[in-house]
Every structure is written in C-alpha cells, then in structure tokens.
C-alpha cells in the first residue's frame, strides 16, 4: 500500500486554498435552488397522487391559489378553473368551518353532483401572507360502506328484536345492562330504555343466584311491578372485536312450562291413587264372596248350587280385574318414564 | 512543482460598493439578495459606536425586517456561532448582514454555514470542507484591515481547545460588501494602526505566496504602496475622509489579494498565538512580520525586492542581503512609527509556550502557500526572535 507523501497532501491543500478544490466555487444559490426545486417537484408528485384533495386558499380574498391533481380530478375541474376561484363557491353544504377542526361538507363537482368530503382547515403564512390550507378527504365510498353496515346492523337488530326469547347483553358479574330486546321488555314490563339503566341483579328476585356461565337455570325474575316471573336463563360469553368479553343472557318465560309440569304431576298422583284403590278392590270383593259361598253350601238346596256358580263367576271376573292391575302397573311405568 | 493545477489561478470576489455613504445602500442590497428577515450581526463595540443602529435604520427605511445579534467577542467563539445559528433558525431569518470588523463578519460566516448545514462549525475546520452555500451575506466593514468582507477565510476560536482555527472556502466569500469610509471615523488611532498593519501583512503575504498570480500581485503591491503612504496619515488625522478612504481601499485590495493567493507563515504563527493570547490579531501580525520576512527572504528574494520597492525603498539593484536587511528594518520602523512596539513576551507569551505554538502553527493551512516550506526550526526561530 502506498502512503501519499506529505508533499502530495500539501499540494492538494494548496490547490484547495487557491480555490481549485472539489467544492470551492464562488458562492451560488442556484445549485441549492435547483436542489430545492427538485425536492419540491418530488413533493408535488406525491401531493398530486394523494387521494386527498389539497387547496391553498389566500385568506385575504378566499381565492384558491393552488390545488393538487386529486382536487382537480375528483371535482372534474381543470387546474386553471380552480386556481383563482373562490373556495366558498365550491361548498354546497358544510357545517360551520372552524380552523383545525374536521367538518363534513359537500363540494360542488363540475357536473353539479355533490362530493361528500371530510375537511380540515389550517392557517399558514408564506412570504408574509396569510393562507388557509384545506385538506378534504372524499368520503363517498366510506359513506356507502357505512350505509351498508347500518343496513346490515338494522336487519340483525330486527331479528334480535323479534325473537320470542329475551336477550340481555350485560357486563360480566351482574354488571350493567348494555343491550336488550323487546321480548325482555314485554316479559318484565320495562321499557327498553328503562332496562338499559339497570344492572342485571335488579332483574332477579332477592336471594336469587346468577346462573353460571354456560349453564341454563330456572330463576325467579322480577317484573317492574315487583311480581316474580319464572324464567329459564342461559348465560353464554361473547367477545367483541375490541376483545371486550360480555355475557349474553337468553331468557325464556317458564310460566307455561311449569304449569304443564304441575298438571302432569297431579295426573300422575291421581293415577297412582286409582291404581292403588283398584289393587285392593279384588280383596274387598273376594271376602264377602267367600262368605256367600259358605252360606250357600250350608243351605244344600238346588238354588245354593246356582249361587255358588254365580259366586265363582264373580271370582273369575275379579281375577280378570287383578290381571288388569298388572297391566296398569306397566302403563304407569310408561307414563312415569315418558311424561 | 505544485501538482497538476500548479499553474492555475482563480480569482473570486464579491460585489462591492466603495465610497462615502455606501452603507446607506444596505436596505436596497438586503432586498436585492432576497432578505425578508435578516439577522444583523455585530458586536457591542460597533453597537456602541452607533454603526449598527445606523444600518438598522437603513434596513427599517427599506422595509426589511431584522433581528439583532451582538453576542460576538473580539475573537468570535464557536459557541457564539452556534448561538447565532440557533437564533437565525428560530427567528425565521433568511439572510445575514454583518456590521463591524473581522469578528462579526467571521461570526456571520460561521452562522451562515451552521444555519445552512445544521452541523457544528468545528466540522468545517480546514480547507474546502463546505458543500452547501450559506444564506446570502452582506458585509459592512467598520475597520480597514481584516478584509473578511471579501475573503474566503473565517477565523474562529475554540476556547476549550485553546486554539483559533480557520474555515477556508470560496463558498463563504460574502455576496456583497459595502465599504463606507464614513464608518472608520470612530476608529481610535491604536485600532486604526492595528487593523492597518493586519491589511499590510495580508498584502505582503499574498504577494510572496506560492499561490500568487498576476491579478493578485496588482492588488497586493497597490495595497502595500497605499498603506505605507496613508496609514500613518490616517493614524495622525483620524477625521480625514481622504486618508480613511485610502486605508479602506488598501484593505480591500489586500483582501482581494490574500483571499485568492492565500497567506503564509505570519498568519499561521499568529493564528496559533491567538489561541493562547487574547490580543488583537493585527498586533500579532505586526510583531511577527519582520521576523518571518527574515526567515523567508532567501526563498523568494525577488518577490521581497518588489515588496521593498512598494514600501518605498530604492533597492532595484541592491544585493539581496541589503534588500533583506532594509526591508526588515523598514517594516520594524513602520510599525514602531504607528505605536506598535510590543514584543510577544510583553503580550504575555512565555518561552515555554513555543513548542506547543510551533506544533499548532505547522498545522495551519496558511503554511502551505508560504514561500519557504516551513519546518519546526524556522517556526521556533520566528517565535524566539519575536519574543
């Protein structure tokens, strides 16, 4: 490796001092200006390709002094049409325009169709003159998506409102009621909005325990008039998009079901009683019948023979009834099992 | 042999207006160079003399907004440059107007570099290190000596390193200089002498520089002639507009010469000394000049003969040794006649300082155009003789 000699270094230094170095030129702002212009051109390129609409408005007269390509293309104007125009003439409708606040507005397109935008204005000062920088974002597509979402949500809400089971969306642990449907309001006698102001525990009779997550339990709920309502409550967890976990209570009125169960239980009890009475009926008949047969034998008359025959016929019938009791036992078991 | 470009010469000068009342064009020129809000850089002394307010008034009349920055020491420091650049940015300035001697003008150059690049001024120490021009700079000198208003040099102090360093680049040559001799009337005789001897040293060193050329020679010799004639008169008659104007013209000529031909050992030694002693640069130069001439003479005898003639000595056919002795004597007599009769020891220097000063001086960029390739012995001898 060769090391530059001291003289070579001195020569180079001398040439630099005499103004023959790489950067040593008479001060000129043109290269710097050119560099800035190149930067400006690059920035302008980016600005023109932005989806947002940019306007530079002179504060003194409200006229547009510059606008990016998106502003021209989305509004359908040429840049010559926009530059010099009053910005206010572009506004079809707007909320009160405030500096550094975002407002929604409709801008006038060249074809008179409105363009929905979200707009922000900021003050700026260039070369001693006041300007407003207006940035407008076309929200047409966003509004369309929002409408579709709203419609979808309304459909879903309609379904939820029309189901006969009550639905409560609540904070876990018996917290505040966040949403509900009409079935809950009808069952408990509250308005929809009154329910939204309550906590879950307000709907349960004193001493009731909240059902466990994932279980179905019959609970005593309280109507708005204080009367209890039996209800079958199923609790399931649901997770929102923001990772918030809530509980969904599905509530079914249990009044009718409990009434059917009561009637069935009473029918079973009556049937038990009837079968029991039926089972002892043979014995109650056979005892006097044996007495009749004995007495007939003591008579020793031809009629006595006929009495005995009739008594044996009655005994046969009682036997048949006994066999019928055995059949009844089978019926009762069937009823117990399936009803 | 000085390399492939050894025979090339370049001459860069700012636009300048010279004459009584030139400073009153400050507003017009500030606008012409694009100044919307300018930083007016000056120092407390110039401010006290009323020159800064005079220029401020002119700017106001022209409707040019300005910010005053006067925190500039006699030897401007790197932290003052940083402070000025910070304010330049904070205040939204876009041009510089420097009013004063070498200190405010060098500080303004530094502020411009830092403002344009965002980097500390120390990074530009040396030659041709700046690749981006600073904001437009308009200079209004109030002394006739430093020639910072036309030069590619900025000399700054780094007190923590106890040195003065040079930033050298054609790109820091100011845009405009308004040379108004009316502003010299407040200069004391001592300051007139100090600054005038600084200009004389510029002219002598530029003429004997290995970077000298035909154009710089014209300015250098003319400056020597003008100064040897008019500087003593300006010191004795400070109120004379004619003498003041002659010294200002001489300073301009010397500045144009040294900015393009560069300097030599006197300035290298003085820069090194300036980091140690806080004494006026012109005084350092004046003390050292005759001793450096003595050391250099044999390496450029005919150039020195021309210098001697410009000093008014009739040495056309004199032997070289006679010329050498006559010139050294003439320079010494001249400075003593102007009241500069100090020695370096009288200014606070000690013989023990010489080794460190020598090392520092040998690294100074001004050394590379000295007619004699400097070595340690030569530098040490110069310091010892001036002690």
Shielding by partners, peptide B:366-376 (average Cβ within 10 angstrom, other chains)
2
Size descriptor, Kirkwood hydrodynamic radius, that averages inverse alpha-carbon separations across the protein assembly as shown, Å:
35.1
Considering chain A as a Gaussian network with a 10 Å cut-off on Cα pairs, which listed residue, A:199, A:247, A:284, attains the greatest mean-square fluctuation?
A:284
How much of the DSSP beta bridge set in the protein assembly as shown is antiparallel, as a percent to the nearest 5?
70
What is the percent of Cα-Cα separations in the range A:252-339 that go past 17 Å?
63
For residues of B:206-213, the mean tally of beta carbons on other chains within 10 Å
2
As a percent rounded to 5, the proportion of antiparallel DSSP bridges among beta bridges in chain B is 20
Please report how far the C-alpha centroid of the range B:133-177 lies from that of the range B:181-210, rounded to the nearest whole angstrom.
16
Sort B:232-238, A:260-266 by packing, meaning the average of other beta carbons within 10 Å per residue, with the highest value first.
B:232-238, A:260-266
Taking neighbour Cβ counts within 10 Å as the exposure measure, how do A:246, B:248, B:105, A:121 sort from fewest upward?
A:246, A:121, B:248, B:105
Quick one: Debye curve from the alpha-carbon atoms of the range A:30-143 only, equal weights, vacuum; give me log10 I(q)/I(0) at q = 0.10, 0.11, 0.19 Å⁻¹ to two decimals.
-0.30, -0.37, -1.03
For the range A:164-253, the fraction of alpha-carbon pairs in successive 10 Å shells from zero, as %:
18, 57, 22, 2
Nearest 10 degrees, 0 to 90: helix A:6-17 Cα axis against chain A principal axis:
80
For B:243, A:240, order by how many other beta-carbon atoms lie within 10 Å, fewest first:
A:240, B:243
From the Cα trace of the range A:1-71, what convex hull volume per residue do you get, rounded to a whole Å³?
159
Using the Cα gyration tensor of the range B:178-259, the equivalent ellipsoid's semi-axes, largest first and to the nearest Å, work out to 23, 11, 10
Hydrodynamic radius by Kirkwood, which averages 1/r over all alpha carbon pairs of chain A, in angstrom:
31.4
With springs only between Cα atoms under 10 Å, which of A:35, A:142, A:63 fluctuates most in a Gaussian network model of chain A?
A:35
Would you mind checking the tilt of helix B:241-261 against the longest principal axis of the Cα atoms of chain B, expressed as 0 to 90 degrees and rounded to 10?
80
FRET efficiency estimate (nearest 0.05) - Cβ-Cβ, residue B:32 to residue B:329, R0 45 angstrom:
0.40
Return the average number of partner chain Cβ atoms within 10 angstrom of each residue Cβ along peptide B:123-135.
4
Rounded to the nearest Å, what's the spacing between the alpha carbon centres of the range A:241-318 and the range B:319-382? Just the number, please.
143
Per the Kirkwood definition applied to all pairs of different Cα atoms, how many angstroms is the hydrodynamic radius of the range B:189-386?
16.5
For the range A:233-303, fraction of C-alpha pairs farther apart than 20 Å, in %:
69
For a quick check, take a GNM of chain B with Cα springs below 10 Å and name the residue from B:34, B:84, B:264 with the largest mean-square fluctuation.
B:34
Enter the Cα centre distance for the pair the range B:28-88 and the range A:189-211, rounded to the nearest angstrom.
78
If r is the Cβ-Cβ distance from residue A:320 to residue A:218 and R0 is 60 Å, what FRET efficiency results, to the nearest 0.05?
0.85
Just the number, please: Stokes-Einstein D of the range B:32-119 in µm²/s, Kirkwood Rh from C-alpha pairs, 25 °C, 0.890 mPa s.
193
Using a ≥ b ≥ c from the Cα gyration tensor of the range B:307-379 (square roots of the eigenvalues), is it rounded, prolate or oblate, where a/c under 1.5 gives rounded and otherwise the larger of a/b and b/c decides, a/b for prolate?
oblate
Report, please, the projected area of the range A:148-212 averaged over directions, based on the convex hull of its C-alpha atoms, in nm².
5.0
Taking Cα atoms only, helix B:265-276 is inclined relative to the longest principal axis of chain B by an angle, in degrees rounded to 10, of 60
Of all the Cα-Cα pairs you can form in the range B:124-218, what percent are over 21 Å apart?
46
Rounded to whole Å and ordered largest first, report the semi-axes of the equivalent ellipsoid of chain B derived from its Cα gyration tensor (root of 5λ).
32, 23, 19
Cα extents of the range B:15-184 per principal axis, largest first, Å, are 41, 31, 27
Residue exposure sequence - B:357, B:137, B:269 - by fewest surrounding Cβ within 10 Å
B:357, B:137, B:269
Rounded to the nearest 5, the percent of antiparallel DSSP beta bridges in the range B:73-218 equals 40
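Throughout, read-outs are computed from the coordinates displayed, never taken from laboratory work. This structure is a prediction, so every number in the text was calculated from the model and none was measured. Please note: Cβ atoms are built from the backbone with ideal geometry, for glycine as well, and neighbour counts cover all protein chains shown.
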